Each structure stands twice: as C-alpha cells, then as structure tokens.
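Working notes, beginning with the structure itself.
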Amino acid sequence: MSIFKKKEMIQLAFIIPLLFLLLTYYTGAMKGIRSDILSWGPLIVTFTYFLGLATVFKHNILKIQKKERDWQYLPLLFIGFFAVLISKYTSQPSYDWLINKLLLPMQIAMLGYVGIYFFTMYFRGARTRNWAATVVLGSAIFTMFGNAPIGPGIHPVFAQIFMWIKDVPNTAGMRGLLIGMGTGIILTVVRKVMGQERALISGEAENV
Amino acid sequence: MLLLLAAFIYYNVKETEKGNVPKIRTMPTIEAISEVVGRAAEMGSSVHYSTGGGGLTDQYAAMTISALEIMGEVAKVCGEMGVEFRYTCNKAELVPIAQDLVKTGYIQAGNDAMYHDAMVVYVGEQQRALMAECLSYMLNERPAGNMMFGAGFWETEVIMGAGAVIGAMQIGGTPRLYHTPTFIMTCSHALIGEELYVAGALVGKADRDLGAIKGVDWFKFICLGLIGLSAVLSTVGSTLFQYILSL
Amino acid sequence: MSDKYSEAAGTFPRADRIIWLIFFIVAALPIMFPIGLPLDITEVTRDYYATIEDIPEAGVVLYSFDSGMGAFAEMGPADIGTITHLTSVMKENNVKVIFVTTAGPEGQVALNVILTQYVDMSGLVYGEDYLNLGLIPGYESTLAALAEDLHKIAPTDVEGTRLTDIPWIANVRGAEDYDIFVFSTATSPDPYPRQWAQYDKPILAVAQAATASWIRPYHEAGMITAYLPGQRGGAEYEVLLGAPGLGSSYMDAQSLTHVYAIVLILVVNIQWYLKRKGDET
Amino acid sequence: MIDELIYAAATLMIWSALYRDNPLFKIGQNLIVGLYLGMTITSGLDVLYRKAWTPLFIEGKFLSLITVGTIIGILIFARLIKGKEWIARYPIAVLTAIGGSVAVSGAMGTQILGQLQMPPLTSIDNILMVVGVFTSMTYFLFSVRTQNPIFKLSTQIGKIFLMVALGCMLGLEFMTNVSLPIGALPHLVTGPGVYVTIPALIILVAAIIYDSRK
C-alpha cells in the first residue's frame, strides 16, 4: 500500500485525468468516456457534503462535552438537522414548510447582516487616503447616483455619466483584469502539473 | 496557445533552476510591511493579520499559500522590532502551519523568547465567528497595524472596515475581484489581482514561481501585441483577426 | 465606551447602532409609503426581453438556476420576471424549459419557491412543457457536461423519471440542441461563458447588481447576449412585462438608501479631513 | 397569515443581535446551521440516489465508469480515519483535475482570446477602450523592472482604468448589499408582520431606557 502514499502517485492521479480531459476536449475523441469522467465531479462533490456533516457533528459534540460557552443552544442544531431529515422522508409538505417558510426568511435576514455591516464598517472606513482610493470612491459615487432611480430622476445626465463609466473605462479595466485572471488559472494548473506546489502543502499532508 | 503558454512557463522555470532568477518589480505593499510594523513598535501596539476564509483544500489554496508566505515575512519583521503579532483564522488546518511560520519568523529575527502559541487564534469554522473575534480584538486592543491577504469573503468588509474605523495602518490584497475595492478603499497600499501570487513568491523566495511568472509575462507580451494588431485590423475593416482566433 | 465592542454583552459601538437605526427608517418609510420614482429601462434589459421573445417555435431553453436563498431579495425579482416571461412563450410557442441547479442545494429551494408562489404555472404540465433536473453539484464541470452530453450527466430528472422516457428530451443531447442558455448566479459569472460561449448560442444572465460591471466585458465581446442586474434589472423587467411586483416595490427604498450612503461617505470624509488638518497644526 | 407572522418573527429574531447578543439570536443561529445542514444532506442523498444508486443497483450497470467514480468518492471518508488521511488526497486530486481541465479549456477562448478583440479606432470611446485594455495589462507585467518613463506612464494610466472599474464595481456592489436587508423589510412593515414588529419595537425602546438607567 505504501507505494500509493508517495507524493508522485497522487501527482499522477491529478495529471492523468487532466491530460485525458484536455486531449479529448481538443480532439473530440472518446466522447463517451469523457462525459463519464466529467460526471465523476458531481459524485465526488456530493461525498464532500457528507464529510462536512461529519466535521460539524464532531466539532459540536466536542463543544457540548466540554461545556463551552453557549453550549446549551447547540442541541438545537441537531434538532433542526433531524427534523429536516425525518420530514423529508415522511411528509413532503412539512419539509417544504421547514425550508421555505422557516429557513428562507432566516437565511435572508442572516445575509442581510452583510448589507448592514457593509453600511457602517465600510463607509466609516472608506477614506480618500491616497489618489487610488479617491478615484475608486469618486467612480463609486457616480455609479451609485446613476444606478439608483433617484439620480436620473433629478437629472438624466447622471444616468448618462453612469452608463459611460460602466461602458468605457470599466469595461477596459475589467478586460485587463479578466485576461489576468484567465492566465492566472492556467498558471495554477501548469504549476500543479509540474509538481510545484510548495513544501507547505506536502508537509501539511503528513499531519492533517 | 495553451501549449505556447505552458512552454513559456516550463522554459522559464528551467532557466530559474539553472540560476537565472528573474528580477521582479518592487511592490510598495511589500515594502510597506516594515513601515506598518515600525509604526506599531513606536506606539507600543500590536499587528493583526488574517488570511480570510480560504483554506488549503479548496480552490483558494494558491491564495492562502501566498498569504501564509507573506505572514512569515511579517512575523520576522515583528520579531526584529519586538512587536506583538496576532493571527486570527477559521480553518483548523491552518493552525499548526501558522504557529510554525510565526515561530520560525521570530526565531530568524533572534527574538524567540517573545513567541507564544496564543499568537495564533482559531475561532471555529464559522465565518461569523471570525468576524466577531476580529471585531472585538480590533475595537478593544486597537492594533496599530492590520493586514489581510488571501481569499477574502464577506469578513473582509468587517475586518478592514473595523481597522479603518480605529485608525490602524492597513495593507492587504486579494485576487478575488469582488472584494478588491474594499482593500483599495481601506488600505494605504493594496495588492490588486494576481499581484498577491507574485508578492507571495517574492517574499517566500520561491524562485521557481518567479520563473513561472516570467513565463506568463512573455505570454502577456504576445497578448499586448495581439491587442495592437486587433485594433489596427478592425480599424481598416479586416476580419483577419477573427480568422486568426478561429484557428 | 462609545466605540468599543464589548464581547460579554455582544454590543456594537453606539455610532454604528445609530447609523443602522437611521438606515432602517430610511429604507422602511418608502416601503410603507411608496413614492413611485420613474425608472428608465436600459438597452440591455430590452435586449433581454427581445431575446426571449425571439426563441424559435418549440425551442429548448437550458436554465441553470444557481441563485441562493439568502440573496432571494436581490435575485428573486429578476428570476421571477424571466420565468414569467418564459411561461408566456412556453404557452405561445411551445418552448420547452429545462431547469437545473449546479452550484449547491440552495438553488432548488429558491426555484421551488418561485414556481409555487410567484409564477402562475397553470396550463403548463411538468414533464411536457418544462423539466427540473434537480441538483447536480460540481458547478463548472457540470456546466461543461450539460453542454456536451445531457443524458450522461443527468440520466433522470428530479422525480426519478428517465430522460429517455420523455419524448421531447430524448433527442436533446447537448449544446447544439439547445436554442438558448439562461443562468442566474449569486456569485462569480465567469464559469458560464467559459463553458457555453464556444457554442455560439445566445446566453442570458441574471446576476447580482455587483457583478454587472464584471459581466460587461463578456457582453461587449458578444459572449453574453444580455443580462439583468439584480433588483434593479428585475424592476425594469417588471415594467416591461407590465406587471409591477416585488422588484418595483424595493426601488424607492434603494434610492433613498443610496442617497443616505453618499451623504455618509461625504460626512465621514469631511470629518476625517478636518481632523487630519487639526492634527497637523 | 401565520406564515407571514413567522416570517417576521424569524427575521427579527436574527436581527435582534444588532442591538445586543441575546438568546433569541443564538437559537436562530443554531437553527439555521441545523436546517441548512439537513437541507444539504437530503439533497446530497437525493443526488446519490439518482446518480449512483439507480444506475448501479436498479439498472445493474456494475461494470461502468460510474462504479469507479463512486469508489473514488467514497475514498474521501479516509480523512476521518487516523493514519489513513493520505488516501483522501486521491479524490481531491481527481476533483481538481476535472475542475482544472474544464476551467483551462474554457478560459483560453473566452477570458483571454475573446477579450483581445478590439473595436475599430473610430471614436473616442473606442480609442479609450483600446488604451484602457492595453495599459491595464501592462500594470500586471511583473518581470519588467525598468525606469523607462513610457512604461511607467503606461502602468499609471492602467492603474487609473483599474481603479475606475473597481469603483464602478463598488458602487454596484452597494446596491446588491443594501438589497439584502431591504428584501426582508416589506414583511416587517406591511401586512400581518406589523403585529410582530410593533411589539419588538416596544421591547427595543424598553431595553434602551433600561440600559441608559443603569
């Protein structure tokens, strides 16, 4: 078994499917096998869901055992989980109710925090501390004023400024960024193929 | 094209292995590290560091590694100037690596007496916990310097915003486009896009990575040429460029 | 005391709490008493509308529904508008729609809420007019597989019916058989054009307002035909469809909060500037 | 009616922490995690049933590549076994290979070559576009270490374009962010939700008065 533990073998497990998929993509050969291998992706991702479940359970049971701060509330987590699990396979309407009528508003409210935090933390911190930040802030104010209906409601010129910013300088800058991101993706993959992931990761593998 | 890019990268990496390390342009953000730590030393305060929500097993691994490399450098500078360092994270796998890096940094600076394990704080896997912990640290301890590199998610706004509110000197950066404006707004120097990878390689003295970056640069020169060509061709009304692309 | 976060009591600085209170008042007032500010319809939204109108007779639409639950308020109006419009072309032109979720389980929840609570699906039969392939996790690799070989990646629909048993989809194999791609995403829009643009079919995007600037280059290069940016796009689309709904009701609140934010930025910066001047002298 | 009341109550329960951390918020927080986990797992089971169980055990296609994929997927649980964690690196390697190949093959055409196509230089906007893309790309050239003023100017102009683009993104991002809490507000201030909001406001005012007395 120990031969499989070698770093090179894991490297091969990465390179072989990668090269196979790339070759079949550009040549169009062996389409059936290619589709099958592509559909492994969803399967493996699904198994990671269950891995996540195990991690959360482990973490929280430990917390309850150690009686950490607020451990009294943690059983609710398990109650919620099993309520969903059981209702899914006994009564579909109650499952729908749990998800659509209870989880949905709470999720919306939870994500709402982002907007609320953003409001204060960000705008209290947003300062024109150098010229780059000034340009960003100026561009942002024009965008905000032109994008909300109130700006064009006062004078149509705000909408025109916004459209111009969005169409010309923004598109140019974004194109530059996109090209950079595209080459970044390829760079990452090529580096991985060459086995260049640094010692940090391989060291970590031994003592996860 | 793909093969061309791969070949460029391969060639330059091999060149670097022979000893021809390319010269990379300097980055104000990296030079600002000592400035930030120096200010913290003057004020007798600490430096806070975060790598955001990215881990080592997801697609953000490359960003996190670069961020960790920068962290090693920051820890070293902190050790030299005798400044308290603090790292907050919400990924368990980062804790041993981070402790090791910080310790190494302090030892390299000859100040290993100052290091203690509590410099690395793990807050559990949840993002909200990370936000709350960083917030309470910032507002109560008031570090003079705040840095955040790596794959930033929504905690970025909270961490950097809190730092700006308390008037800490901040540097940071992320390749995640969505949160890049935050860094520019709240930092005195920020890394945009791929600059983080380059900075990581630069600080970590990872020569092969620098070679790879040079290879990509060669490719970018070709892209620049193609931009010029495309502009000229489309001005004279030729569709030759589309033809070249379809090859 | 005023700007400390106290761990024990879990309280925020007082200044922040006052800012939040003003925010809630500013946002809630126009929802209770609508002002009805006029809304310009942008060119892109009209293009979007026209693209859906132009779907050929008995065309097939692949709709990758990946917006989440938390962002329902942002994505919902635009998604509802799109699906409402699709149902009308489904009835008139016998267009078929295939729904699928690739990013995570949240998309299916939002889709079910929309189909059961917000869109009138009467007169349309599940399985004949539209189909839900359910969740197929894997994101970008799933998107690629959907365009290459539908039957391999999704042998059955969400209810377990085999696709080969449904007559109209048995012949739909891959990208060349779809007439139009639609996607709605609450995160990065990059993977969709990356996988689908090569097939030269129209691609419509429902995206967050934040990613509108990100989608622009793809739109400019002709890879994404048109897009609806978040709540604002949803509101515009409701005007085009002639049925003001969810999106329109948010727009006044949006306007006022935008003004509030700009005022906040200016006040904070002037204050900061004055303080810095004071420090120098 | 009752659904609306619960909607409002659930929202306020979560937002109550804006004033102060309290038991209601902790209840809500843990419920969210639990329900969400339940939803993820039921969806996951559903996917496995459709994509692995049905073809393998109902249709009996044992000798297919799906079997291989399933086995690779199951290997990921090795992470939970002490001393055998390295096995879990295989599924991760395969997963990144699939994701990487798909991303790379798409990125070349759309994100790089597609973005290189320039419009004709016939109007000021188009010229600005070409200049913008060109200069913002030079900003990302790292290995050029020259004091050449033209190159420096180019990176500076490129930086301006980048900053305007990011500012535009920030402005639009604000709209997204603010839409998230706004989306929940109609359920609080209109319809039956008001009957929950008003008592909550009274409690809030009472809490503020009580706190300021202390």
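Readers should treat all values here as calculations from the given coordinates under stated rules, not as data from a laboratory. A quick note: this is a predicted structure, and the numbers were derived from the prediction, not measured. Cβ coordinates were reconstructed from backbone atoms using ideal geometry, including for glycine residues, and neighbour counts include every protein chain displayed.
Check every one of the helices (runs of 4 or more DSSP H) wholly within the stretch C:140-208 and list those with 2 or more residues that are closer than 16 Å to A:L38 by Cα.
C:140-148, C:150-153, C:191-196
I'd like to know if the stretch B:33-55 contains one or more residues that are crowded, with 19+ Cβ neighbours inside 10 Å, in contact with a Pro (Cβ under 8 Å, 6 or more places away or on another chain) and hydrophobic (A, V, I, L, M, F, W, C).
The answer is yes, given that some residue of the stretch B:33-55 is crowded, with 19+ Cβ neighbours inside 10 Å, in contact with a Pro (Cβ under 8 Å, 6 or more places away or on another chain) and hydrophobic (A, V, I, L, M, F, W, C).
State yes or no: is D:L185 closer than 29 Å to B:T156 by Cα, facing another protein chain (nearest Cβ under 7 Å) and touching a strand residue (DSSP E or B) at 6+ places or on another chain (Cβ under 7 Å)?
no
Residues of the stretch B:140-154 being surrounded by 19 or more Cβ atoms within 10 Å (Cβ to Cβ) and not aromatic (F, W, Y), which ones?
Hits for the stretch B:140-154 are B:P143, B:A144, B:G145, B:N146, B:M147, B:M148, B:G150, B:A151, B:G152.
Could you go through the stretch A:119-134 and let me know if any residue there is assigned to a helix (DSSP H, G or I), more than 7 Å from every other protein chain (Cβ to nearest Cβ) and within 26 Å of B:G193 (Cβ to Cβ).
Yes, the stretch A:119-134 contains a residue that is assigned to a helix (DSSP H, G or I), more than 7 Å from every other protein chain (Cβ to nearest Cβ) and within 26 Å of B:G193 (Cβ to Cβ).
Would you check which residues across the stretch B:28-55 are in contact with a Gly (Cβ under 8 Å, 6 or more places away or on another chain), of a type outside the set (S, T, Y) and closer than 17 Å to B:S66 by Cβ and list them?
B:G52, B:G53, B:G54
Is it fair to say D:P91 is of a type outside the set (G, A, S) and buried (at least 19 other Cβ atoms within 10 Å of the Cβ)?
So D:P91 passes the test.
Please specify each residue of the stretch B:130-163 satisfying the condition of being within 21 Å of B:A199 (Cβ to Cβ) and either of a type in the set (V, I, T) or within 11 Å of chain A (Cβ to nearest Cβ) (or both).
B:N146, B:F153, B:E155, B:T156, B:I159, B:M160, B:G163, listed by residue number.
Any residue at all in the stretch D:116-127 that is crowded, with 17+ Cβ neighbours inside 10 Å, facing chain A (nearest Cβ under 7 Å) and in contact with an Asp or Glu (Cβ under 9 Å, 6 or more places away or on another chain)?
Checked against the condition, which is being crowded, with 17+ Cβ neighbours inside 10 Å, facing chain A (nearest Cβ under 7 Å) and in contact with an Asp or Glu (Cβ under 9 Å, 6 or more places away or on another chain), the stretch D:116-127 yields no hits at all.
For the stretch C:217-240, which positions are surrounded by fewer than 24 Cβ atoms within 10 Å (Cβ to Cβ) and either facing another protein chain (nearest Cβ under 7 Å) or out of contact with any helix residue (DSSP H, G or I) (no Cβ under 8 Å at 6 or more places or on another chain) (or both)?
Scanning the stretch C:217-240 gives C:E220, C:A221, C:G222, C:M223.
Here are the criteria: (1) more than 30 Å from A:E8 (Cβ to Cβ); (2) more than 9 Å from chain A (Cβ to nearest Cβ); (3) surrounded by fewer than 24 Cβ atoms within 10 Å (Cβ to Cβ). Tell me which single one D:F142 does not satisfy.
Failed condition: (3).
What pairs can you find where one residue is in the stretch D:76-94 and facing another protein chain (nearest Cβ under 8 Å), the other is outside any helix (DSSP H, G or I) and not aliphatic (A, V, I, L, M), and their Cβ atoms are less than 8 Å apart, with a gap of 6+ or different chains?
Final answer for the pair search is D:I92/B:T57.
Determine which member of the set B:A92, B:A98, B:A129 is surrounded by fewer than 15 Cβ atoms within 10 Å (Cβ to Cβ) and either in a helix (DSSP H, G or I) or free of Cβ contacts under 8 Å to residues at least 40 places away in the same chain (or both).
Just a single option satisfies the conditions, and that option is B:A92.
Restricting to the stretch C:150-188, give me the number of residues that are over 26 Å from the mean Cα position of the chain (by Cα) and not β-branched (V, I, T).
Result for the stretch C:150-188: 12.
Could you run through the stretch C:30-58 and say how many residues are more than 14 Å from chain A (Cβ to nearest Cβ) and farther than 20 Å from C:G230 by Cα?
Qualifying residue count, the stretch C:30-58: 8.
Which helices (runs of 4 or more DSSP H) sit wholly inside the stretch A:1-78 and have at least 1 residues that are closer than 25 Å to A:L103 by Cα?
Once the helices (runs of 4 or more DSSP H) in the stretch A:1-78 are filtered for at least 1 residues that are closer than 25 Å to A:L103 by Cα, what remains is A:40-66.
Can you confirm whether A:Y49 is in contact with a Gly (Cβ under 6 Å, 6 or more places away or on another chain) and surrounded by 18 or more Cβ atoms within 10 Å (Cβ to Cβ)?
Yes; evaluated as a whole, the condition is true for this residue.
Could you count how many residues in the stretch D:128-137 are more than 18 Å from B:P175 (Cβ to Cβ) and facing another protein chain (nearest Cβ under 7 Å)?
6
Is there a residue in the stretch C:70-87 that is within 10 Å of another protein chain (Cβ to nearest Cβ), of a type in the set (D, E) and part of a helix (DSSP H, G or I)?
So far as the stretch C:70-87 goes, yes, one or more of its residues are within 10 Å of another protein chain (Cβ to nearest Cβ), of a type in the set (D, E) and part of a helix (DSSP H, G or I).
Using the structure shown, decide if B:E15 is under 20 Å from the mean Cα position of the chain (by Cα) and surrounded by fewer than 18 Cβ atoms within 10 Å (Cβ to Cβ).
Spelling it out, it is not the case that B:E15 is under 20 Å from the mean Cα position of the chain (by Cα) and surrounded by fewer than 18 Cβ atoms within 10 Å (Cβ to Cβ).
How about the stretch A:67-123: which of its residues are more than 18 Å from D:P23 (Cα to Cα) and hydroxyl-bearing (S, T, Y)?
Of everything in the stretch A:67-123, those that are more than 18 Å from D:P23 (Cα to Cα) and hydroxyl-bearing (S, T, Y) turn out to be A:S87, A:Y89, A:T90, A:S91, A:S94, A:Y95, A:Y117, A:T120, A:Y122.
Any idea which residue in the stretch B:56-85 is surrounded by the most Cβ atoms within 10 Å (Cβ to Cβ), counting only those that are charged (D, E, K, R) and in a loop (DSSP other than H, G, I, E, B)?
Applying the filter and picking the extreme gives B:E84.
Any chance you could count how many residues in the stretch C:110-139 are β-branched (V, I, T) and not in a loop (DSSP other than H, G, I, E, B)?
Of the residues in the stretch C:110-139, 3 are β-branched (V, I, T) and not in a loop (DSSP other than H, G, I, E, B).
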